Structures are given as structure tokens and as C-alpha cells.
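Data block below; observations after.
The values are calculated or read from the model by the stated rules, or taken from the named source; none is laboratory data. These numbers come from a predicted model, not from an experiment. Cβ sites come from the backbone with ideal geometry, for glycine too, and all protein chains shown count toward neighbours. Ligands, DNA and RNA are excluded from the accessible area calculation, which covers all protein heavy atoms including side chains. Shrake-Rupley method; radii C 1.70, N 1.55, O 1.52, S 1.80 Å.
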Amino acid sequence: MELVSWSMILVLMGVGVGVGFISGLMGISGGVILVPALLKIQSLLGMHPDVAVKVAFGTSLFTGFFTSLSGAWHHHREQNVCWPDAIAL
């Protein structure tokens, strides 16, 4: 039995693109949309609710970390960051 099918990969990629587009369009955190979407997908797959919540929040935190890291790097390159103040915060 195949653990992850190609159709599931396409669905998850579509959810990711959709969440990114909608959150960028509305100016909100992607986790607001991503966590409920992942919970719904995982419930359809039959995942236990306790595990599904942890996976959904973990995935949201993981993607948010790299998004923040990318934004900080681009602002640093444009010299828009006062690092002493940023570190103090």
C-alpha cells in the first residue's frame, strides 16, 4: 500500500497555494486558514483527532518559521532592520 498518493500530494499542494494566495490577498496569517484546512483533510483521511491537531499546528508553525526567516533576510538585505533594537525586543 502506498503511504502517500500522487493525488494527495496534489491536493496538499493546492491547499498550500490557496492558503498562500488568500492570506496574502487578505493580509492575514496563513495559519488562520491552514490549520482548519489541514484538520479537515486529516479527518477525511481517518487520522485520530489528537494527532491531527498536533500535526496541523506543527505544520503551521513550521511554515511560519521559514516565512518569517525569509522576510527577515530580505529586510536585512535592504537594510531595513535596526538589529540592536530587534535583538533587544
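Using θ = phi - 60° and the Karplus curve 6.51 cos²θ - 1.76 cosθ + 1.60, what whole-Hz ³J(HN,Hα) does each residue of the stretch 42-57 get, with Gly and Pro shown as x?
In residue order, the calculated couplings are 5, 5, 5, 7, x, 6, 4, x, 5, 6, 4, 5, 5, 5, 5, 5 Hz.
Among (1) 13.1, 43; (2) 16.5, 54; (3) 12.9, 38, only one was calculated for this model; which label is it, if the read-out is Rg and Dmax of the Cα atoms in Å?
From the options (1) 13.1, 43; (2) 16.5, 54; (3) 12.9, 38, the structure gives (2).
Can you give the FRET efficiency for SER70 and VAL17, using 1/(1 + (r/R0)^6), R0 = 22 Å, r = Cβ-Cβ distance, to the nearest 0.05? Don't skip to the end; give the middle numbers.
Values: r = 17 Å, r/R0 = 0.76.
For R0 = 22 Å, the calculated efficiency reads 0.85.
On the protein heavy atoms, probe 1.4 angstrom, tell me the percent of accessible surface of the chain carried by carbon and sulfur.
Working: 5100 of 7060 Å².
Here it works out to 72 percent.
Over 12 Å, how big is the tail of the calculated P(r) for the stretch 1-52, in percent of all Cα pairs?
Values: 895 of 1326 pairs.
The proportion of pairs with Cα distances above 12 Å equals 67 percent.
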